[in-house]
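The values are calculated or read from the model by the stated rules, or taken from the named source; none is laboratory data. Given the structure is predicted, the values throughout are model-derived calculations rather than measurements. A quick note on method: Cβ atoms are made from the backbone with ideal geometry, for glycine too, and the neighbour counts reach across all protein chains shown. These accessible areas exclude ligands, DNA and RNA; they are computed on the full protein's heavy atoms, side chains included. Shrake-Rupley method; radii C 1.70, N 1.55, O 1.52, S 1.80 Å.
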Amino acid sequence: MSDQAKQTIWIFGDQLNPDISSLQGQTPGDCRILMVESLQKLKSRNWHAQRQHVVVSAMMHFAEELREKGFEVDYQLATSFKKGLERHCQNNAVTEVSAMEPSSWKFRKFLEKNGIRIIPNNQFICSYSEFAEWSKSRKQLRLEDFYRWQRKRLTVLMSDGDPAGGRWNFDSDNREPPPKDGRSWPSPAKFPLDPTDELILSRLSDGWGKYPEGIWPVTRAQALVRLREFIDTGLPQFGTYEDAMLASEWKLSHSCLSSSLNLGLLHPSEVLAAAEKAYNEGAAPLNSVEGFIRQILGWREYIWGLYWLWMPDYAESNFFSADQDVPPVFLGTAETSMSCVSSAMNHLREYGYAHHIVRLMIFGNLALTAGINPQAMTKWMTASFVDSSEWVMVPNVVGMALYADGGSMSTKPYASGGAYINRMSDSCRTCSFNPKKRIGEDACPFTTLYWDFLDRNRDQLSSNHRLAIQFGNLDRLNDIDQIRERAIDVRERLAIGNL
Ligand SMILES: Cc1cc2nc3c(=O)[nH]c(=O)nc-3n(C[C@H](O)[C@H](O)[C@H](O)COP(=O)(O)OP(=O)(O)OC[C@H]3O[C@@H](n4cnc5c(N)ncnc54)[C@H](O)[C@@H]3O)c2cc1C
Ligand code: SF4
């Protein structure tokens, strides 16, 4: 019990940076810090072991760093956030509790209800109110428009008012299939686990997935190492192969920075600055730097803005009334003969990670075309990926991957058959299914389900002019009855873990 009356600053598990707005101008004598590890949250899902570890370890390390700076930190292990807050207020003389605005809609409501003073969040470059302002005059909120607006207003990768290199978009250079030369890919440093990590691991629930081995940064210092190594070794070839997938390689040249950004260990503006500097110094080509800056300044900020604009109803969207459970193969309780899914699951089990195209075109695509319920899918992905957070999962899963918002975010569903996966990965070569076949025992499940998806959802999709070619092709198929039959079989086998 400390009886000196002071204000409390509550810091959440994704605000782990000394520059957060709630800490600005604060000195150790002015305030007390509260951090709460909620057992209810830890027990709410079947978390991937590395996901549980990275969050709790980063929180505990940040608490230690604040103590080293002289702050009094009350780190509560509590059954719930509410209980942690109550116990803190009972044990200390608290004049006021304030917090930087959290990243989830529900948690913001919880803070409001409990009288916490909320300070605007400074972890994004574009605040959600600026995004809402930008969105006002537009019928459609397209990423490309938002991204160009961000580049112009912040003068990022610009040259005399024009985009550097004279083009906004290098996507056409950045969609190469995986190289066949057996090259090696950057290999990220592993950060040795310390006694704090060992303590955490001894008390976390079992979860699933491989035990942590130090791949994911848990301190700002480690995150800065990850950023430097990406800029030096990954960024130069990031663009060309950003959509490619390889069974033997889990991340290719992707940055693996998402967990550090989402925990607050890094600020997006410092990541952007490092990438732009590499371009200005001639250390990385424009297609790679533009492709990467598009992710950070475009996609990440756009997703944040959309989340706050459309919540809370958005999370419950289910345009196709999809009602299937998450299949056993995703839960890790069944094996599969689909090579692409099998290798995506291997990477997920090993690292709690899959890169963007694997998330979208393997996990998302299968869930979309098989009719997996969007909320169940969001729940599963949230528990399974090291970088998950509601603000980023909901728009990416419900909007982008499953088109459950009926097209508010994407102009058409990201549905594809085996042909796309065959072009962009090396999985089909070792698969017992044939990506070109849509019927028969060896027909690729993705190919069958793709045509069946268009057929089943014709009423909702056929007026979309961006799908005119696909529906034209569907109408020319003379085996649609067999496709329907095979699709029923595929969906049943997927549901019982026998595909
Ligand atoms: C179905 C689905 C679920 C996803 N779930 C998450 C999630 O829970 N957490 C998460 O951070 N990202 C999520 N993403 C977005 C993206 O796939 C990951 O950010 C990325 O794969 C992380 O790996 P990386 O750091 O190596 O990224 P890189 O490919 O190196 O990209 C750099 C950074 O750009 C940002 N970024 C790129 N695309 C997006 C996007 N669509 N939304 C938000 N940020 C983006 C991330 O911060 C990422 O670290 C999801 C995408 C899909 C399709
Ligand atoms: S054939 Fe189909 S299931 Fe097999 S790896 Fe290719 S896309 Fe995946």
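Contact order normalised by length for the stretch 423-499, with contacts defined as Cα pairs under 8 Å and 6 or more residues apart; what percent is it?
Worked out over the stretch 423-499, it gives 25 percent.
Could you calculate the contour length gain from Gln26 to Lys41, that is, 0.36 nm times the residue separation minus the distance between their Cα atoms, to one decimal place in nm?
2.5 nm
Cα centroids of the stretch 317-336 and the stretch 173-237: how far apart, whole angstrom?
Rounded to whole Å, the Cα centres lie 28 Å apart.
Of all the accessible heavy-atom surface of the stretch 351-499, with the other protein chains kept in place and a 1.4 Å probe, what percent is carbon and sulfur?
Summing carbon and sulfur atoms, their accessible area is 48 percent of the total for the stretch 351-499.
Please compute the per residue accessible area over the chain with all protein chains in place, 1.4 Å probe, rounded to a whole number of Å².
For the chain, the solvent-accessible area averages 42 Å² per residue.
In Å, the Kirkwood hydrodynamic radius of the stretch 128-310 over pairs of distinct alpha carbons?
The answer is 18.2 Å.
Just the projected area, averaged over all directions, of the convex hull on the alpha carbon atoms of the chain: how many nm²?
Result: 24.1 nm².
Looking at this model, which pairs from Lys251/Lys437; Lys109/Lys152; Lys109/Lys251; Lys69/Lys277; Lys43/Lys109; Lys41/Lys210 are more than 27 angstrom apart at the alpha-carbon?
Check vs 27 Å cut-off fails for Lys251/Lys437; Lys109/Lys152; Lys109/Lys251; Lys69/Lys277.
Report the relative contact order of the stretch 174-278, percent, no decimals, based on alpha-carbon pairs under 8 angstrom and at least 6 residues apart.
37
Could you pull out the longest piece of the chain with no exposed loop GluC sites (Glu not before Pro) in it, calling a site exposed if DSSP puts it outside H, G, I, E, B and it has at most 11 other Cβ atoms within 10 Å?
The segment 1-280 is the longest one with no such site.
Can you find, among Ala223, Ser135, Ile200, the residue sitting farthest towards the positive end of the charge dipole of the stretch 128-310, where Lys and Arg contribute +1 and Asp and Glu -1 at Cβ?
Highest projection toward the positive end goes to Ser135.
Can you give the FRET efficiency to the nearest 0.05 for Glu350 and Ala93, using r as the Cβ-Cβ distance and R₀ = 56 Å?
Efficiency computed from Cβ-Cβ geometry: 0.70.
Toward the positive end of the charge dipole of the stretch 128-310, about the Cα centre and with charges on Cβ (Lys, Arg +1; Asp, Glu -1), which of Trp308, Pro268, Leu257 goes farthest?
Trp308
Compute the whole-percent fraction of alpha carbon pairs in the stretch 318-496 spaced more than 27 Å apart.
21
So if I average 1/r over every pair of distinct C-alpha atoms in the stretch 2-119 and take the inverse, what Kirkwood radius in Å does that give?
Kirkwood radius, the stretch 2-119: 14.6 Å.
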